[in-house]
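S.K.: One structure, as structure tokens, below. Some questions next.
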Amino acid sequence: MKVEIKGHTTILRDTVEPIADFCAKVTREHGQFVAQNLIIDLTPIEVDLAAVKLFSPLAKAHQKGKKSFVIVVKAIDFNAVPAHLHVVPSLQEAHDIIEMEEIERDLGF
């Protein structure tokens, strides 16, 4: 797992692990990232909707802490993704979502 910290956002990248192992590792180490917005970058690997859904419990837990959780994947059916998961095709869009959510939190939404 590769970790990159940019200000108030942490980007986690899966390097070579199977996606289920990567998800389990991020879940185990979630305490380290609880105060940061998280971007899970899965662009280096091919994933399907089932693999993205593995992050659902972690996303819910992280969002309860008033922090953003965004998954970046190359190509899936974005319309089939559950509404509570933020899944986007690029890192720039992930940063944009985080910025919008921070503005909403600042405004009290």
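S.K.: Using the Cβ atoms and a cut-off under 15 Å, what net charge is assigned to the surroundings of Phe109, where Lys and Arg are +1 and Asp and Glu are -1? Walk me through the numbers before you get to the answer.
M.R.: On the way: positive: Lys66, Lys67, Arg105; negative: Glu99, Glu101, Glu102, Glu104, Asp106.
Residues near Phe109 contribute -2 overall.
S.K.: Local charge sum around Thr27 (other residues, Cβ-Cβ under 12 Å, Lys/Arg +1, Asp/Glu -1)? Write down the numbers at each step before the final one.
M.R.: Working: positive: Lys25, Arg28, Lys60; negative: Asp21, Glu29.
Around Thr27, the surrounding residues sum to +1.
S.K.: How many nm separate the modelled label positions at Ala20 and Ser56, each set 7 Å beyond the Cα in the direction of the Cβ?
M.R.: 1.6
S.K.: Mind checking the dipole of the chain: about its Cα centre, +1 per Lys or Arg Cβ, -1 per Asp or Glu Cβ, Debye to the nearest 20?
M.R.: Once rounded to the nearest 20, the dipole reads 400 debye.
S.K.: Among Ile45, Ala94, Cys23, whose Cα sits farthest toward the positive end of the charge dipole of the chain (+1 at Cβ of Lys/Arg, -1 at Cβ of Asp/Glu, about the Cα centre)?
M.R.: Working it through, the farthest residue towards the positive pole turns out to be Cys23.
S.K.: Can you work out the Karplus-derived ³J(HN,Hα) for every residue in region 23-35? Use 6.51 cos²θ - 1.76 cosθ + 1.60 with θ = phi - 60°, whole Hz, and x for glycine or proline.
M.R.: Result, rounded to whole Hz: 4, 5, 5, 5, 5, 4, 9, 4, x, 6, 10, 4, 8.
S.K.: Under a 5 Å amide H to amide H cut-off, with H placed in plane at 1.01 Å, what residues pair with Val87 once short-range neighbours are removed?
M.R.: For Val87, the qualifying residues are Ile71.
S.K.: When the Cα centres of region 59-76 and region 1-38 are compared, how far apart do they sit, in Å?
M.R.: 11
S.K.: Once you keep just the Cα pairs under 8 angstrom separated by 6 or more residues, what percentage relative contact order results for the chain?
M.R.: Relative CO of the chain lands at 22 percent.
S.K.: What value, in deg cm²/dmol to 500, does the helix sum -39500 (n - 2.57) over DSSP H runs of n ≥ 4 give at 222 nm once divided by the residues of the chain? Provide the component values of the computation, followed by the final result.
M.R.: Values: 4 runs with 41 residues, N = 109.
Helix contribution divided over all residues of the chain: -11000 deg cm²/dmol.
Each reported figure results from applying straightforward, stated rules to the coordinates on display, with no laboratory input. No experiment lies behind these values; they were computed from the predicted model shown. Don't worry about glycine lacking a Cβ; one is built from the backbone with ideal geometry, like all the others, and counts go over all protein chains shown.
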